[in-house]
């Protein structure tokens, strides 16, 4: 916090361009919601690739191609930073993906792993995510680079995204409880201390997951971790919007029906969507 | 059968071009399997849009756009007929979709409704399909045009496709049994006589669905109905492959990983896939 304040005082730099956020569809809204809460003055441009979702069951090559097109789309909107609010994209893009990018970029993996290692204090970390994310091994590799001795156990949960998108998110939903039990039983048996929700859809199942795993397991929300990082980064770089700019605006772009997106988005946001929703062609 | 034989004798017309089959991904393989069984001498070109699947939760506009691109792709392969082996596409394309098409085209809705009406004999028909198919009302409208007095009850089953693609297809799978119970309970209570499996993925859940609905309910497989129609149509039009052409070949094209497709395809086919699988860019 000191660094942030010093930087502002010394440079007085501001940047009123919007923050760009993208996801395969709706999951990234959990990160958007946190970003909006943390940075009420920022304009945000969100792109959800609803015409091609989900990404988490597709191949790495396809995920990288779609992510490149998503980034190109956001760059057309003069964003000052891009957040891949999607575990699958963050875990599958190559290291040089952002090499020629003109603005800062972040995914969710790095900051989520840092938060998980801090919470685990050398204990055992569990990772749940889409099949494509687990197959990439990205979370495990990064945890081991931060904390080589930490034990990591991972489990792909291919039905979680469809469950969320089908509205099976109630705490007492018997189907969701059964699927959670089936996927997470090896993690519970292995005695993990921290569980990374490695896909931005999963916070909507946090109640059911938390009930099953028990209070001793700390859940780490990947979208929230990325939003916290983005706030700190923009602040440190003098890239926050100016104080006198007025409240931040939202513009949502989707590659399928804007109406359908608005309906389901309210489930993710816990309230009606605020801001324009436009349909666009991408790719 | 007589018509078919007479036609062959009188015209001796043959056509060795392949049959084109497409689907959003893997579901159409249930129709392909039936087609291969019925017409062992035909060459078949199959396109699965695995890079953009599923279609059943997307908007009508997007479904039509993707279907147009799928058809264009098959036309490049000099097919003699195109089968949309996808309930969602068949239910959502407009009537004039095939107006300028140079080859015969069929979906699954028409022949499935005819088979259902024949089996129901004026009784009550149930329809289960993807949200986009149920929203279109296509099955209900066609059943009522064939048999105005027939009662129709429909239910969207958004989790069935993810369940199949996640391999939750065993007869005793507790998750699948619970989801089937949840979606089909209103249909069972309403006392239907016939149940249309209006999505080509659903035959893989036929055991679980059949167990829940009971022996008195006849299940109608939409992919099988389309394959039966295609055989009869090609025969009547003198478009079957010649007898001395040799065994039919298969060529599968997909818009995501060929390897991933081959793996899951074996579940749909009940055996390892036979024929080349190629990845292509579409749209």
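The values are calculated or read from the model by the stated rules, or taken from the named source; none is laboratory data. Computed from a predicted model, the values in this text were never measured in an experiment. With ideal geometry, Cβ positions are generated from the backbone for all residues, glycine too; neighbour counts draw on all protein chains shown.
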Subset of the range B:122-164 (residues that are assigned to a helix (DSSP H, G or I), under 14 Å from residue B:222 (Cβ atoms) and in contact with a strand residue (DSSP E or B) (Cβ under 7 Å, 6 or more places away or on another chain)): B:134, B:139, B:143
Provide a single number: the residues in the range A:174-198 that are within 13 Å of chain B (Cβ to nearest Cβ) and in contact (Cβ under 8 Å) with a residue 12 or more places away in the chain. 7
Wholly inside the range B:186-274, helices (runs of 4 or more DSSP H) that include 1 or more residues that are over 20 Å from the mean Cα position of the chain (by Cα) and under 30 Å from residue A:63 (Cα atoms) are B:258-269
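For the structure I just gave you, tell me whether residue A:167 is over 20 Å from residue A:31 (Cβ atoms), modelled with pLDDT under 95 and not in a helix (DSSP H, G or I). Walk me through how you get there before you give the answer.
Numbers: over 20 Å from residue A:31 (Cβ atoms): yes; modelled with pLDDT under 95: yes; not in a helix (DSSP H, G or I): yes.
Yes: the conditions hold for residue A:167.
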Kindly list the number of the only condition in (1) within 14 Å of chain B (Cβ to nearest Cβ); (2) over 24 Å from residue A:55 (Cβ atoms) that fails for residue A:272. (1)
Would a scan of the range B:39-54 turn up a residue that is surrounded by fewer than 17 Cβ atoms within 10 Å (Cβ to Cβ) and either closer than 19 Å to residue B:156 by Cβ or more than 14 Å from chain A (Cβ to nearest Cβ) (or both)? yes
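Confirm whether residue A:160 is within 11 Å of residue A:129 (Cα to Cα) and touching a helix residue (DSSP H, G or I) at 6+ places or on another chain (Cβ under 8 Å).
Values: within 11 Å of residue A:129 (Cα to Cα): yes; touching a helix residue (DSSP H, G or I) at 6+ places or on another chain (Cβ under 8 Å): yes.
Yes, satisfied.
Among the listed residues B:216, B:262, B:257, which satisfies the condition of being surrounded by fewer than 18 Cβ atoms within 10 Å (Cβ to Cβ), within 14 Å of chain A (Cβ to nearest Cβ), at pLDDT 95 or above and at negative phi?
Numbers: B:216 fails: within 14 Å of chain A (Cβ to nearest Cβ); B:257 fails: surrounded by fewer than 18 Cβ atoms within 10 Å (Cβ to Cβ).
Exactly one of B:216, B:262, B:257 is surrounded by fewer than 18 Cβ atoms within 10 Å (Cβ to Cβ), within 14 Å of chain A (Cβ to nearest Cβ), at pLDDT 95 or above and at negative phi, namely B:262.
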The lone condition residue B:102 fails out of (1) away from chain A (no Cβ under 14 Å); (2) crowded, with 16+ Cβ neighbours inside 10 Å is (2)
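Of these, B:121, B:95, which one is surrounded by fewer than 17 Cβ atoms within 10 Å (Cβ to Cβ), away from chain A (no Cβ under 14 Å) and modelled with pLDDT of 95 or more?
Values: B:95 fails: modelled with pLDDT of 95 or more.
Result: B:121 is the single residue among B:121, B:95 that is surrounded by fewer than 17 Cβ atoms within 10 Å (Cβ to Cβ), away from chain A (no Cβ under 14 Å) and modelled with pLDDT of 95 or more.
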Does residue A:281 fit the bill of being in a helix (DSSP H, G or I) and either surrounded by fewer than 19 Cβ atoms within 10 Å (Cβ to Cβ) or in contact with a strand residue (DSSP E or B) (Cβ under 9 Å, 6 or more places away or on another chain) (or both)? no
